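The values are calculated or read from the model by the stated rules, or taken from the named source; none is laboratory data. What you are looking at is a predicted structure, and each value in this text was computed from that prediction instead of being measured. Note that each Cβ is placed from the backbone with ideal geometry, even for glycine, and that neighbours are counted across all protein chains shown.
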Amino acid sequence: MKNKLSSGPYLVWMTLFTVVPLVIVVYYAFTDSVTGRFTLGNVETVKNYIPIFLRSVWLALVSSLICLLLGYPVAWRIAQAGPKSQRLLYMLVMLPMCISFLLRTLAWVALLEDTGIINGFFIKLGLPPLPLIRTNGAVILGMVYNYLPYMIMPLYTVIMKIDRRLIEAAQDLGCGGAQVFAKVTLPLSVPGIISGVTMVFVPAVSTFYISQKLGNTGTTLIGDVIESQFKTAYNPNLGAALSLVLMIIVLACTALMNRFSGDDESVATV
């Protein structure tokens, strides 16, 4: 009885902010915007946006991979530091998240635009300005910068839990640094890799503000289309259908990634 009462607030929260919005999205996705009757027209229209879905997934995957390549060494270095240094380094990783997401993105606009800080420096050197903005690379850069902490945090947490005796045992058996990493550290940090990739991929595949400010019409992502359906085209039914399909894609990708990860106990026995 006590457990049921303690879980009551959580159940109410989940019902109001998860179940109810999901039901509303499903309702609008399968109803006509004029008559309100049941229809599959919105879902059928989604096929026209398949290229945008593919572009969104591709850029999100590339961003997740770059975050992994950058975040793993950082997380490992923080885990190897002393207690005081760990707190300082962890705070430095988290510090950019204390600044508004919009301001962080606009800062990159000021750096990358044709008359921005970087190109202004090139112009002073007598060099032509570079096309740094309104490209896929600029969008990926914005994603990596904004979501990199979400990769570092779970990696750091998992690496910190690795039993140092396993590393010492591998070294005693004659393994070099590369072998210790490949045979001990990397396999034991797989749960952190899966969690980090998931935490970066989910917001990256549905983002819209980054692509609007750093991209162009050729880098339109599915988040931009969904926003336009609600704010510009005034077609919430199609927007709900696109959101529903995007949610299914995210759940499918998350389930696929989780298949490559085991629980803590199974990983610990590797």
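Which of (1) small (G, A, S); (2) over 29 Å from N136 (Cα atoms); (3) part of a helix (DSSP H, G or I) does S63 not meet, given it meets every other one?
Condition not satisfied by S63: (2).
Against the definition (among the hydrophobic types (A, V, I, L, M, F, W, C) and either within 22 Å of W108 (Cβ to Cβ) or in contact (Cβ under 8 Å) with a residue 60 or more places away in the chain (or both)), how does I152 come out, yes or no? Show your work before the answer.
Values: among the hydrophobic types (A, V, I, L, M, F, W, C): yes; either within 22 Å of W108 (Cβ to Cβ) or in contact (Cβ under 8 Å) with a residue 60 or more places away in the chain (or both): yes.
Taking the combined requirement at face value, the residue satisfies it.
May I ask you to verify whether V57 is closer than 11 Å to N237 by Cα, part of a helix (DSSP H, G or I), hydrophobic (A, V, I, L, M, F, W, C) and under 27 Å from the mean Cα position of the chain (by Cα)?
On the way: closer than 11 Å to N237 by Cα: no; part of a helix (DSSP H, G or I): yes; hydrophobic (A, V, I, L, M, F, W, C): yes; under 27 Å from the mean Cα position of the chain (by Cα): yes.
When the stated conditions are applied, V57 does not pass them.
Does Q212 satisfy the criteria of being modelled with pLDDT under 95, farther than 30 Å from Y28 by Cα, surrounded by fewer than 19 Cβ atoms within 10 Å (Cβ to Cβ) and among the polar types (S, T, N, Q)? Lay out the reasoning, then the answer.
Working: modelled with pLDDT under 95: yes; farther than 30 Å from Y28 by Cα: no; surrounded by fewer than 19 Cβ atoms within 10 Å (Cβ to Cβ): yes; among the polar types (S, T, N, Q): yes.
In short, no.
Considering only residues that are hydroxyl-bearing (S, T, Y) and surrounded by 12 or more Cβ atoms within 10 Å (Cβ to Cβ), look in region 72-117 and name the one that is farthest from R164 (Cα to Cα). Talk me through it step by step, then tell me what you get.
Of the residues in region 72-117, the ones hydroxyl-bearing (S, T, Y) are 72, 85, 90, 100, 105, 115.
Pick out the ones that are also surrounded by 12 or more Cβ atoms within 10 Å (Cβ to Cβ) and you get 72, 85, 90, 105.
Working: Y72: 18, S85: 19, Y90: 21, T105: 39 Å.
Checked region 72-117; the qualifying residue farthest from R164 (Cα to Cα) is T105.
Write out, first by first residue and then by second, each pair whose Cβ atoms fall under 7 Å of each other, whose residues are 6+ apart or on separate chains, and whose first residue, in region 130-146, is touching a residue at least 24 places away in the same chain (Cβ under 8 Å) while the second is β-branched (V, I, T) and assigned to a loop (DSSP other than H, G, I, E, B).
Every condition considered, the pairs that remain are M143/T207.
So, in region 46-56, of the ones that are in contact (Cβ under 8 Å) with a residue 40 or more places away in the chain and within 20 Å of A240 (Cβ to Cβ), which residue ends up surrounded by the most Cβ atoms within 10 Å (Cβ to Cβ)?
Of region 46-56, the ones in contact (Cβ under 8 Å) with a residue 40 or more places away in the chain are 46, 49, 52-53, 55-56.
Subset that is within 20 Å of A240 (Cβ to Cβ): 46, 49, 52-53, 56.
Numbers: V46: 17, Y49: 20, I52: 16, F53: 19, S56: 26.
Checking each candidate, the answer is S56.
Give the residues of region 64-106 that are in contact (Cβ under 8 Å) with a residue 40 or more places away in the chain and farther than 20 Å from V190 by Cβ, sorted by residue number.
Residues satisfying the conditions are Y90, V93, M94, P96, M97, F101, L102, R104, T105, L106.
Output the number of the condition that L251 fails; it satisfies all remaining conditions of (1) in contact (Cβ under 8 Å) with a residue 60 or more places away in the chain; (2) in a helix (DSSP H, G or I).
(1)
Restricting to helices (runs of 4 or more DSSP H) lying wholly in region 1-44: which have 3 or more residues that are under 31 Å from the mean Cα position of the chain (by Cα) and either modelled with pLDDT of 90 or more or on the phi > 0 side of the Ramachandran plot (or both)? Can you show your working first?
Working: elements: 2-6, 8-14, 20-29.
Helices (runs of 4 or more DSSP H) meeting the threshold: 20-29.
In region 81-117, which residue that is hydroxyl-bearing (S, T, Y) and within 11 Å of N146 (Cα to Cα) is farthest from the chain's Cα centre (by Cα)?
From region 81-117, those hydroxyl-bearing (S, T, Y) are 85, 90, 100, 105, 115; that's our starting set.
Narrowing the set further to residues that are within 11 Å of N146 (Cα to Cα) leaves 100, 105.
Details: S100: 17, T105: 15 Å.
Going through the qualifying residues, I end up with S100.
Any idea which of (1) buried (at least 20 other Cβ atoms within 10 Å of the Cβ); (2) under 17 Å from the mean Cα position of the chain (by Cα) is the one I194 doesn't satisfy?
(1)
Restrict the check to region 118-131 and report whether at least one residue is of a type in the set (G, A, S), surrounded by fewer than 19 Cβ atoms within 10 Å (Cβ to Cβ) and more than 29 Å from T198 (Cβ to Cβ). First the steps, then the outcome.
Kept after step one, since they are of a type in the set (G, A, S), are these residues of region 118-131: 120, 126.
Filter once more, keeping what is surrounded by fewer than 19 Cβ atoms within 10 Å (Cβ to Cβ): 120, 126.
From what's left, more than 29 Å from T198 (Cβ to Cβ): 120, 126.
Scanning region 118-131, I find at least one residue that is of a type in the set (G, A, S), surrounded by fewer than 19 Cβ atoms within 10 Å (Cβ to Cβ) and more than 29 Å from T198 (Cβ to Cβ), so the answer is yes.
Give all pairs with beta carbons closer than 6 Å in which a residue from region 189-210 that is closer than 14 Å to A255 by Cα meets a residue that is in a helix (DSSP H, G or I) and aromatic (F, W, Y); count only pairs at least 6 apart in sequence or on separate chains.
M199/Y150
Residues checked against (1) more than 26 Å from L256 (Cβ to Cβ); (2) touching a helix residue (DSSP H, G or I) at 6+ places or on another chain (Cβ under 7 Å):
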| position | (1), (2) |
| --- | --- |
| P9 | yes, no |
| V12 | yes, no |
| F17 | yes, no |
| L22 | no, no |
| Y27 | yes, no |
| V34 | yes, no |
| E44 | no, no |
| Y49 | no, yes |
| W58 | no, no |
